[in-house]
Structure formats: C-alpha cells, structure tokens
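> Handing you this structure, nothing more for now.
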Amino acid sequence: MKIDSTITLAFLVSLIAFISPIATTILNNRHQAKMKKEEMFIKRKLEVIENYLSNVGKTLGDSRHNLVDLGTYAGEIFLYTPTEFWEDIEELNRLIFAHENQLAFPKFQELSKRLSSYTSRFIKEQKNGK
C-alpha cells in the first residue's frame, strides 16, 4: 500500500495546527504563573522591610511597644535583604532588645535611609525587567 505524500503532508499540517495553540497556551500559562510568583515575592519583600522598619520605629518611639511583633520581623528581614545589610540589622536589633534606644535611634535612621535607597533601586530594576 502506497501512502500518498499529499495526504501525509495534509495530516501533519493539521496536527501541527491543532497542537500549536495548545502548546502556546501551556507556555503562556507557565510564564504568567512564574511572573505572578515573582510579583508576590517582590510584594512580600517590600512588606517585610516596611513592617520591620515600622516596628523598629514604634519600639524606639514607645518603649512599651510589644517586642514580639518586632521579633517576628527582626528574623524575617534577613530573608528579604542582601547580606550587605545584615551586620547593621543585627546591631540595631541587639541595641533595641538591650533597651539601648538612644544608641539605636541613629542606627535606625541610617538603616532606614539605606533600605529606602535599596527598595527604590530594586523597584526600578523590576520595572525595567532586570
């Protein structure tokens, strides 16, 4: 039995036409899921940094502020900041938990400025696709 090449070619073209949109949809969905996951990570990163700085500020402004909330973010902040910040964060945490707020306040201001600069650069890089 001889297979006609035109029928074979027509079958292959039909098969590709059928599979192509399915493959495109699968690839697009994977890409969108990856982008959503990255977007959620960025949102969480900025949230943790903001919450940490907010809790440090509250603690320094009012010594009666609950250190449990700060303790949560004091550990989590390391997950979302580069290592270049870790030493300053550790020092600030140590001063706060030792109730040395007078010494902690200038460290807090310096770290706040550096983290603000970092988050601004980070957001710009994300918008530019880097």
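Read the figures in this text as sums done on the coordinates, not as results from a lab. This structure is a prediction, so every number in the text was calculated from the model and none was measured. With ideal geometry, Cβ positions are generated from the backbone for all residues, glycine too; neighbour counts draw on all protein chains shown.
> Please state the charge dipole magnitude for the chain, taken about the Cα centre, from unit charges on C-beta atoms (+1 on K and R, -1 on D and E), reported in debye and rounded to the nearest 20.
Working: 18 positive and 16 negative charges, 129 e Å.
It comes to approximately 620 debye.
> Over the C-alpha atoms of the chain, what are the Rg and the largest Cα-to-Cα span, Dmax, in Å?
Gyration radius and largest Cα-Cα distance of the chain: 26.4, 94 Å.
> Quick check on the chain: helices-only [θ] at 222 nm, where DSSP H runs of length 4 and up contribute -39,500 (n - 2.57) each and the sum goes over total residues. Nearest 500, please.
The per-residue figure over the chain is -30500 deg cm²/dmol.
> Of the listed pairs 37/124; 37/58; 34/107; 36/124; 45/113, which have alpha-carbon separations greater than 28 Å here? Display every interim value, and only then the final one.
Details: 37/124 18 Å; 37/58 31 Å; 34/107 37 Å; 36/124 18 Å; 45/113 17 Å.
Those over the limit are 37/58; 34/107.
> Scan segment 66-122 for trypsin sites (Lys or Arg not before Pro) in coil per DSSP, keeping those whose Cβ has at most 13 other Cβ atoms within 10 Å, and list them by number. Spell out each step's value before the answer.
Details: sites: 94, 107, 113, 114, 121; in loops: none.
Here no trypsin sites (Lys or Arg not before Pro) fit, given the DSSP loop and packing criteria.
> Under 8 Å for C-alpha pairs, at least 6 residues apart: give me the relative contact order for the chain, rounded to a whole percent.
Numbers: 48 pairs, mean separation 25.9, N = 130.
For the chain, the relative contact order is 20 percent.
> Something else: Using packing as a proxy for protection, rank 69-80, 14-25 so that the peptide with the highest average count of other Cβ atoms within 10 Å comes first. Present the calculation step by step, with values, prior to reporting the outcome.
Details: 69-80: 16.5, 14-25: 9.7.
Descending mean neighbour count gives 69-80, 14-25.
> Working from the pairwise distances between different alpha carbons, so that the mean of 1/r is found and then inverted, what is segment 76-130's Kirkwood radius in Å?
Details: mean 1/r = 0.0818 Å⁻¹.
Mean inverse Cα-Cα distance, inverted, gives 12.2 Å.
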